[in-house]
Structure formats: structure tokens, C-alpha cells
Amino acid sequence: EISDPSLWRRAAEAPDETGRVPLSQQFRADVDSIVIQGRAEEAQLARRIEFSRLRLSRALKAEGLSEDVLVESIPRGPYGANQSLIGGCELPKRVCRRWMELHALRVEMVERNLYLVLINVERYSHTTASQADLIQEGCAALFRAVDGFDWRRGLLFRTYAVHWLNQAFRSYLYNFSNTVRVPVYLQKALKHVNDAKARLGDHNASVEKIA
């Protein structure tokens with residue numbers, strides 16, 4: 001069963017008289033209108049996602065298909081579960097419906113945790129990166145967190161998701177903050193070298209001392 005999005009959304013505030021709202025302000029207002037999940041509700045949704053993923057896997061197996069066919073064959077709407085989208089799907093109807101159900105549940109989990117993106121992106125406000133770009137990377141990272149979350153470990157989803165968010169933010173900064181792109185592994189190595197110089201208190205320290 002797909003939950004109605006209105007169940008976790010409060011009434012949004014009316015726009016100002018001009019009707020022009022900055023994108024960041026609009027996004028923040030949308031996030032503020034979403035009700036945050038409790039621990040029990042979050043665990044229940046995580047179990048539903050796992051169950052829906054199992055049903056999709058069985059539907060694919062019954063039709064003799066692999067998960068690779070889902071990437072381009074199924075149109076995705078905002079919640080993915082309405083009949084018109086299923087009717088336009090090129091795959092067997094059973095597979096389409098199962099994928100729409102799973103996608104809708106994943107979207108619900110992501111939306112209910114969008115506030116984590118806004119909280120954690122503030123830690124990178126001192127950088128030159130665009131906040132809108134960082135928010136976009138964070139939203140994509142939440143989907144990856146949903147796919148890797150294991151509710152059996154007893155952790156809150158937000159604890160697991162923050163790790164993915166920080167990885168996404170740092171990866172973006174490593175890849176796009178410099179005019180000349182330096183590979184991530186080299187940037188990390190240079191950071192270790194600079195940290196060693198700082199601990200030695202000698203910026204002209206020899207290679208042997210740094211090692």
C-alpha cells in the first residue's frame with residue numbers, strides 16, 4: 001500500500017505578494033512542511049521497502065528478467081504508483097507495479113529525511129561550492145543511503161544517512177572546487193602530508209621526517 005504524501009506534509013505557507021521566492025528559500029519551506037518520522041515509523045517504512053524490493057525481485061525472476069531492465073524501461077513520476085504510468089510501461093504489468101511501489105516507498109523515506117541535507121550542508125558553507133549544488137548531491141546521496149540501509153542493525157536511518165551525505169559533499173568538493181582537477185586519492189595524500197607538517201611545526205620538513 002502506498003501512503004498518501006499529504007499524510008506527512010503540513011500545509012505550505014502562502015508565497016509573498018510578488019510570488020517570487022528564491023529557490024533555496026522555497027526548498028527550505030518545502031522541507032519544513034514535511035513531518036519528521038519517529039523511530040518506530042521509520043523502522044516500519046524500512047521493512048516495507050525491504051519487502052517491496054523482495055516482491056520486485058520475485059516478479060522479475062518470474063518473468064525471466066534482470067534488474068538492469070528497470071533503468072530505462074519504466075517511466076518514473078513523482079511517486080510512481082498511478083495507473084497511467086503503469087499503462088505506459090514497456091515491461092510486464094506485474095513488474096511495473098512492483099517497481100512503482102518500491103520507488104514510491106523510497107521517495108517517502110527520502111522526503112521524510114530531507115531535513116538532514118539542510119542541517120549537514122551548513123557545515124560546508126565556508127567553501128566556494130554552490131549550496132544548491134551541494135543540496136542536489138545530498139538529495140541523490142539519500143537515495144543511496146535508502147538502498148543500503150539495514151534496519152536490523154538497530155540504527156536510526158539518520159545516523160546512517162549522515163555518513164552518505166558527508167561522503168557526497170566531500171566528493172563534490174574534491175572534484176569541482178579546484179580549477180585543475182586533482183584526483184581524490186592525491187588530495188587525501190596531500191592532506192596527510194600537510195597534517196604531518198603541522199604536527200612537526202616545520203613547513204619545510206624533510207621527506208624522512210614527514211614519513
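Taken together, the values in this text are just the output of simple stated rules run on the coordinates, not laboratory data. As the structure is a computational prediction, the values presented were derived from the model and not from experiment. When we count neighbours, we look across all protein chains shown, and the Cβ atoms used for this are built from the backbone with ideal geometry, even at glycine.
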- request: Quote to one decimal, in nm, the extra length available between R170 and C139 on full extension: 0.36 nm per residue of separation minus the C-alpha distance between them.
  value: 9.7 nm
query: Which FRET efficiency value, to the nearest 0.05, do you get for D150 and A211 by plugging their Cβ-Cβ distance into 1/(1 + (r/R0)^6) with R0 = 45 Å?
result: 0.70
task: Please sort 165-173, 34-42, 94-102 by packing, taking for each peptide the average over its residues of neighbouring beta carbons within 10 angstrom, highest first.
output: 94-102, 165-173, 34-42
message: Which residue, F149, L173, I135, has the largest displacement toward the positive end of the dipole of the range 88-211 when charges sit on each Cβ (Lys, Arg +1; Asp, Glu -1)?
response: F149
- prompt: Using 7 Å Cα-to-Cβ label points, what is the R47/D202 separation (nm, one decimal)?
  reply: 6.2 nm
- prompt: Quick one: length gained pulling A132 to S3 fully straight, 0.36 nm per residue minus the C-alpha distance?
  reply: 43.6 nm
- request: Along Cα→Cβ, 7 Å out, is where each label goes; now give me the distance between the ones at E90 and L54 in nm to one decimal.
  value: 3.2 nm
- prompt: Rounded to the nearest 0.05, what FRET efficiency do R181 and D30 have when you use their Cβ-Cβ distance and R0 = 30 Å?
  reply: 0.35
- line: Extension length gain for N194 and L23 (0.36 nm per residue less Cα distance), in nm, is 57.8 nm
